[in-house]
């Protein structure tokens, strides 16, 4: 079955193992399935929902592009572009904002988490960004969108917006209602210092994450210092209860090896963490070190990265500008 897949990554810099295993590794697998047409967006409009340093943002857009390519996304097979270069995204977001309802946005839990206690000081962009996300997807008639737990609610909103637009303007199936793609054989990647906190670039400790630009020595050091507990590795899945650090490290290993958690537990049952950490480090170095070297090499050629984004944006614009023209006609513009 043919799938048209759209997904985006924010150019916040310093992409890490959680970004790779949670999204980018899956993007590469989807691209390599010949039945798929893939569009991957560096969502720089989303990035400015919180204050950014303009120079850092430009650098991070290139770094995210370099990371896509280094991980195996092929710009001759897939479209890679940055959102701000395709005006239709902003135009469609406004039209869809006028279809969306405040009650829908008020239910979005991610805004509540990101805005914190003083939501009156949050930007309107942070509040309404799920509508822009819907525009990103709907402009390309995407049939499927890879999503993690934190984006499921936003995709549901996207589906609601598409259906309401179609109903309001009496155009059945004009905006395609996308299906979620939930990654199989994937464990949520948590901090190396605290197994109940998500791995994050905003964590002040660099030892809490494996960055995709880390070298062999840095990876070895981080896994060596990763938090564990005094017990040996479990013999059964149920024995991981209330052992978040053990579960996280076994989950990372399982995701790298594309195997079930139960298989990893059987592989290391009863062994101590020092032996397991050695094998985990080997698996990480095998996967991350080539990516790290390629990212650094690509970042040395800014003209090449800019040409990839320009070419991809031109391809994306051809698709999106046709859709936004039809949307405007339906609205009455």
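The values are calculated or read from the model by the stated rules, or taken from the named source; none is laboratory data. The structure presented is a predicted model; accordingly, all values stated were derived computationally and were not measured. As a convention, Cβ positions derive from the backbone with ideal geometry for all residues, glycine included, and neighbour counts pool all protein chains shown.
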What residue, of 297, 227, 271, 238, is surrounded by fewer than 21 Cβ atoms within 10 Å (Cβ to Cβ) and under 22 Å from residue 208 (Cα atoms)?
-> 227
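Among what's in segment 95-123 and is assigned to a helix (DSSP H, G or I) and either modelled with pLDDT of 95 or more or not assigned by TED's automatic domain parsing to the domain that holds residue 40 (or both), pick the residue that is farthest from residue 328 (Cα to Cα).
Filtering first and then ranking leaves 97.
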Could you say whether any residue in segment 17-30 is closer than 22 Å to residue 311 by Cα and in a strand (DSSP E or B)?
-> no
Looking at this structure, is residue 323 at pLDDT 95 or above, surrounded by 13 or more Cβ atoms within 10 Å (Cβ to Cβ) and out of contact with any strand residue (DSSP E or B) (no Cβ under 7 Å at 6 or more places or on another chain)?
-> yes
When segment 148-164 is examined, which residues are found to be surrounded by fewer than 19 Cβ atoms within 10 Å (Cβ to Cβ) and touching a strand residue (DSSP E or B) at 6+ places or on another chain (Cβ under 7 Å)?
-> 152
Looking at this structure, is residue 281 buried (at least 17 other Cβ atoms within 10 Å of the Cβ), in contact (Cβ under 8 Å) with a residue 60 or more places away in the chain and touching a strand residue (DSSP E or B) at 6+ places or on another chain (Cβ under 8 Å)?
-> no
Hey, can you tell me all the residues within segment 97-122 that are surrounded by 10 or more Cβ atoms within 10 Å (Cβ to Cβ) and within 27 Å of residue 327 (Cα to Cα)?
-> 97, 98, 99, 100, 101, 104, 105, 106, 107, 108
Return a yes/no flag: does segment 124-141 have any residue that is surrounded by 13 or more Cβ atoms within 10 Å (Cβ to Cβ), modelled with pLDDT under 95, in the same structural domain as residue 316 (by TED's automatic domain parsing) and part of a loop (DSSP other than H, G, I, E, B).
-> no
With respect to residue 222, is the statement that it is in contact with a helix residue (DSSP H, G or I) (Cβ under 7 Å, 6 or more places away or on another chain), free of Cβ contacts under 8 Å to residues at least 40 places away in the same chain and assigned to a loop (DSSP other than H, G, I, E, B) true?
-> no
The residue from 176, 193, 227 that alone is within 30 Å of residue 135 (Cβ to Cβ) and in a loop (DSSP other than H, G, I, E, B) is 176
Residue in segment 248-256 that is more than 20 Å from residue 188 (Cβ to Cβ) and either out of contact with any helix residue (DSSP H, G or I) (no Cβ under 6 Å at 6 or more places or on another chain) or not assigned by TED's automatic domain parsing to the domain that holds residue 70 (or both) present = no
